[in-house]
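The values are calculated or read from the model by the stated rules, or taken from the named source; none is laboratory data. It should be emphasised that the depicted structure is a prediction, and the values quoted were computed from it without experimental measurement. Glycine gets a Cβ as well: all are built from the backbone with ideal geometry, and neighbour counts include every protein chain shown.
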Amino acid sequence: MSTLLLEIVTPERKVYAQEVNMVSVKGADGELGILPNHIPLVTPLRIAPVVIKKDGATETLAVSGGFIEIRKDKVVILAESAELAGDIDLARAEASKERAEQRLSAKRDEVDYRRAELALQRALNRISIKK
Ligand code: ATP
């Protein structure tokens, strides 16, 4: 089965670099299932799981924002944060969810509200992947 090189990079580190069979992401315009020889494309990513198929196994990462760059046989995800399912701290994500929900229920200005909404999305994404 043919492969493509998938790299997932954050400002802190290279989280992932492997030859894989398929990667699924949630782009700005919806779900994208990427196989080798996909047409070149750059698009923003939503806060969502990234699902990787490799040698018949499936791996999931929590990715928060950033971009995906698709080339013929290489895909690069530049994300604000990315964690492999096994690296997600569930208690931390639950605490972050609680904090965000409290901020959303308090009457604050719009910037704080938007920030809390994004924090809630990140926490829910991590929780759903971990569970
Ligand atoms: P928190 O409020 O818990 O800091 P956050 O959504 O604000 O959550 P981010 O700014 O997205 O956190 O991430 C900061 C760093 O912490 C990143 O390196 C990210 O990978 C890591 N991180 C955040 N939450 C978790 C988690 N639940 N488990 C593992 N790593 C996490």
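So, in the stretch 1-58, of the ones that are more than 19 Å from residue 86 (Cα to Cα) and of a type in the set (Val, Ile, Thr), which residue ends up surrounded by the most Cβ atoms within 10 Å (Cβ to Cβ)?
34
So the check is Cβ under 6 Å with 6+ separation or different chains; which pairs have a first residue in the stretch 38-64 that's over 22 Å from residue 89 (Cβ atoms) and a second one that's at pLDDT 95 or above and among the acidic types (Asp, Glu)?
42/69
Return the pairs, sorted by first residue and then second, in which the second residue is of a type in the set (A, V, I, L, M) and within 8 Å of the ligand (Cβ to nearest atom), the first residue lies in the stretch 91-108 and is assigned by TED's automatic domain parsing to the domain that holds residue 126 and under 18 Å from residue 129 (Cα atoms), the beta carbons are less than 7 Å apart, and the residues are 6+ apart or on different chains.
Partner pairs satisfying both residue conditions: 93/123; 96/119; 96/123; 97/123.
Restricting to the stretch 73-93, name every residue that is of a type in the set (A, V, I, L, M) and either within 9 Å of the ligand (Cβ to nearest atom) or not in a helix (DSSP H, G or I) (or both).
75, 76, 77, 78, 79, 82, 84, 88, 90, 91, 93
Please pick out the residue among 70, 129 that is surrounded by 17 or more Cβ atoms within 10 Å (Cβ to Cβ), more than 11 Å from the ligand (Cβ to nearest atom) and within 17 Å of the chain's Cα centre (by Cα).
Residue meeting the stated conditions: 70.
Out of everything in the stretch 73-117 that is of a type outside the set (Gly, Ala, Ser) and within 13 Å of the chain's Cα centre (by Cα), what residue ends up being surrounded by the most Cβ atoms within 10 Å (Cβ to Cβ)? Quick ask: steps written out before the conclusion?
Within the stretch 73-117, the subset of a type outside the set (Gly, Ala, Ser) is 73-78, 80, 83-84, 87-90, 92, 94, 97-99, 101-104, 107-115, 117.
The next check asks that each one be within 13 Å of the chain's Cα centre (by Cα); those that pass are 76-78, 80, 83-84, 88.
Numbers: 76: 17, 77: 23, 78: 17, 80: 15, 83: 20, 84: 16, 88: 18.
In this case the residue turns out to be 77.
For residue 46, which of the numbered conditions (1) away from the ligand (no atom under 16 Å from the Cβ); (2) within 13 Å of the chain's Cα centre (by Cα); (3) basic (Lys, Arg) fails to hold?
All conditions are met except number (1).
Pick out the one residue from 96, 105 that is near the ligand (Cβ under 10 Å from one of its atoms) and among the hydroxyl-bearing types (Ser, Thr, Tyr).
Only one candidate qualifies: 96.
Could you say whether any residue in the stretch 13-27 is outside any strand (DSSP E or B) and within 16 Å of the ligand (Cβ to nearest atom)?
yes
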